[in-house]
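One structure is given below, represented as structure tokens, and several questions about it will come after.
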Amino acid sequence: APPAIITEQMDAGFRYSITPELRLVAGLFDVRKPYFALAPGRVFRQLGEVRNRGIEMSLAGQITPRLNIVLGAVLLDARVSGDAVDLGLIGKKPVTSIGRSINGAINWNVPWVEGLSLDLAYEGTSDRVANAANTLEIPARYALALGGRYRFDLLGKPATFRAQVPSVNNAYGFNNIGEGFYYNLPRRFQMSLTVDM
């Protein structure tokens, strides 16, 4: 396990109320800390320093009394520096680095059926660095999800029935945690019933 580390962070931002129910938040950030990853000899150790700087934005709230939105985006410039980079042992970008990430969801409360809401979600990322040498990248991908939720009483208890089709567009792709990979699940249909007892 890596030791406790010291990080440096600078950030600035603002929040603007477009309406009393809809807010825009944006910020700039610069974070610097020691960089730990697998060295070429397959040993997990400190390989230099990583600097993450970028912009993050979000828009959240009610557009109408029945329509809500949550939208967020991060534009990131991540760079590794140190002897391992100078010697060409590792690349200049940290593993799992994503230059652009956008996530959003819209939720609509159906007016003619009390307790029923429909939602649409979007998740998109740019190429992602997949190894310390920066010789492997996971391609950009986006996924759409459609869903619905119905809130009702079941035997006097609050209940929610949820149905969703994640990855409507059947987006093929991988994600990574460190230098380990996992496959994004394909298009599927899932349901759940939750009851507060």
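Of the residues Asn176, Asn184, which is surrounded by 12 or more Cβ atoms within 10 Å (Cβ to Cβ) and in contact (Cβ under 8 Å) with a residue 60 or more places away in the chain? Steps first, answer last, please.
Numbers: Asn184 fails: in contact (Cβ under 8 Å) with a residue 60 or more places away in the chain.
Result: Asn176 is the single residue among Asn176, Asn184 that is surrounded by 12 or more Cβ atoms within 10 Å (Cβ to Cβ) and in contact (Cβ under 8 Å) with a residue 60 or more places away in the chain.
Taking the range 1-25 as the search range and keeping residues that are of a type in the set (A, V, I, L, M) and in a strand (DSSP E or B), which one is farthest from Ile69 (Cα to Cα)? Full working, then the answer.
Of the range 1-25, the ones of a type in the set (A, V, I, L, M) are 1, 4-6, 10, 12, 18, 22, 24-25.
Still in the running and in a strand (DSSP E or B): 10, 12, 18, 22, 24-25.
Values: Met10: 29, Ala12: 24, Ile18: 13, Leu22: 9, Leu24: 11, Val25: 14 Å.
Of everything passing the filter in the range 1-25, Met10 is farthest from Ile69 (Cα to Cα).
Return the total of residues in the range 117-139 being modelled with pLDDT of 95 or more and either more than 15 Å from the chain's Cα centre (by Cα) or surrounded by fewer than 18 Cβ atoms within 10 Å (Cβ to Cβ) (or both).
Total satisfying the criteria: 5.
On to the next question. Could you tell me whether Asn52 is open to solvent by less than 90 Å² (accessible area, probe 1.4 Å), without any contact (Cβ under 8 Å) to a residue 60 or more places away in the chain, more than 26 Å from Ser126 (Cβ to Cβ) and not in a loop (DSSP other than H, G, I, E, B)? Steps first, answer last, please.
Values: open to solvent by less than 90 Å² (accessible area, probe 1.4 Å): yes; without any contact (Cβ under 8 Å) to a residue 60 or more places away in the chain: yes; more than 26 Å from Ser126 (Cβ to Cβ): no; not in a loop (DSSP other than H, G, I, E, B): yes.
Criteria not met by Asn52.
Residue by residue through the range 140-153, note down the ones that are open to solvent by 40 Å² or more (accessible area, probe 1.4 Å) and either in contact with a Ser or Thr (Cβ under 6 Å, 6 or more places away or on another chain) or modelled with pLDDT under 90 (or both).
Restricting attention to the range 140-153, the residues satisfying the condition of being open to solvent by 40 Å² or more (accessible area, probe 1.4 Å) are 140, 142, 144, 146, 149-153.
Once the filter is applied, which keeps residues that are open to solvent by 40 Å² or more (accessible area, probe 1.4 Å) and either in contact with a Ser or Thr (Cβ under 6 Å, 6 or more places away or on another chain) or modelled with pLDDT under 90 (or both), the range 140-153 yields Ala140, Arg149, Arg151.
If you don't mind, another one. What tally of residues in the range 180-197 results from selecting those that are of a type in the set (Gly, Ala, Ser) and more than 18 Å from Arg149 (Cβ to Cβ)? Before you say what the answer is, go through the steps one by one.
Filtering the range 180-197 down to residues of a type in the set (Gly, Ala, Ser) leaves 180, 192.
With the extra rule that they be more than 18 Å from Arg149 (Cβ to Cβ), the set shrinks to 180.
Number satisfying all stated conditions: 1.
May I ask you to verify whether Pro3 is under 30 Å from Trp108 (Cα atoms), open to solvent by 80 Å² or more (accessible area, probe 1.4 Å), more than 21 Å from the chain's Cα centre (by Cα) and not hydroxyl-bearing (Ser, Thr, Tyr)? If you could, list the steps in order and put the result at the bottom.
Numbers: under 30 Å from Trp108 (Cα atoms): no; open to solvent by 80 Å² or more (accessible area, probe 1.4 Å): yes; more than 21 Å from the chain's Cα centre (by Cα): yes; not hydroxyl-bearing (Ser, Thr, Tyr): yes.
No: the conditions fail for Pro3.
Determine whether Ala105 is modelled with pLDDT of 95 or more and within 25 Å of Leu59 (Cα to Cα). Show your work before the answer.
Numbers: modelled with pLDDT of 95 or more: yes; within 25 Å of Leu59 (Cα to Cα): yes.
Yes: the conditions hold for Ala105.
If you check Ala78, Ala171, which single one turns out to be out of contact with any helix residue (DSSP H, G or I) (no Cβ under 7 Å at 6 or more places or on another chain), assigned to a strand (DSSP E or B) and either surrounded by fewer than 15 Cβ atoms within 10 Å (Cβ to Cβ) or among the hydrophobic types (A, V, I, L, M, F, W, C) (or both)?
Values: Ala171 fails: assigned to a strand (DSSP E or B).
After applying the criteria, what remains is Ala78.
Still on this model: Tell me, please, whether a residue that is touching a Ser or Thr at 6+ places or on another chain (Cβ under 7 Å) and either among the polar types (S, T, N, Q) or open to solvent by less than 60 Å² (accessible area, probe 1.4 Å) (or both) can be found in the range 27-37.
Yes.
Here's a follow-up. Take Ile63 and decide whether it is open to solvent by less than 80 Å² (accessible area, probe 1.4 Å) and assigned to a strand (DSSP E or B). Reasoning before the result, please.
Values: open to solvent by less than 80 Å² (accessible area, probe 1.4 Å): no; assigned to a strand (DSSP E or B): yes.
No: the conditions fail for Ile63.
Now for a different question. Assess whether Gly27 counts as being under 16 Å from Val129 (Cβ atoms) and modelled with pLDDT of 95 or more. Show your work before the answer.
Details: under 16 Å from Val129 (Cβ atoms): no; modelled with pLDDT of 95 or more: yes.
No; evaluated as a whole, the condition is false for this residue.
The values are calculated or read from the model by the stated rules, or taken from the named source; none is laboratory data. Just so you know, these numbers come straight off a predicted model, no measurement behind them. Note: ideal-geometry Cβ built from the backbone for every residue, glycine included; neighbour counts use all protein chains shown. What goes into the accessible areas is simple: the full protein's heavy atoms, side chains included, and nothing from ligands, DNA or RNA. Shrake-Rupley method; radii C 1.70, N 1.55, O 1.52, S 1.80 Å.
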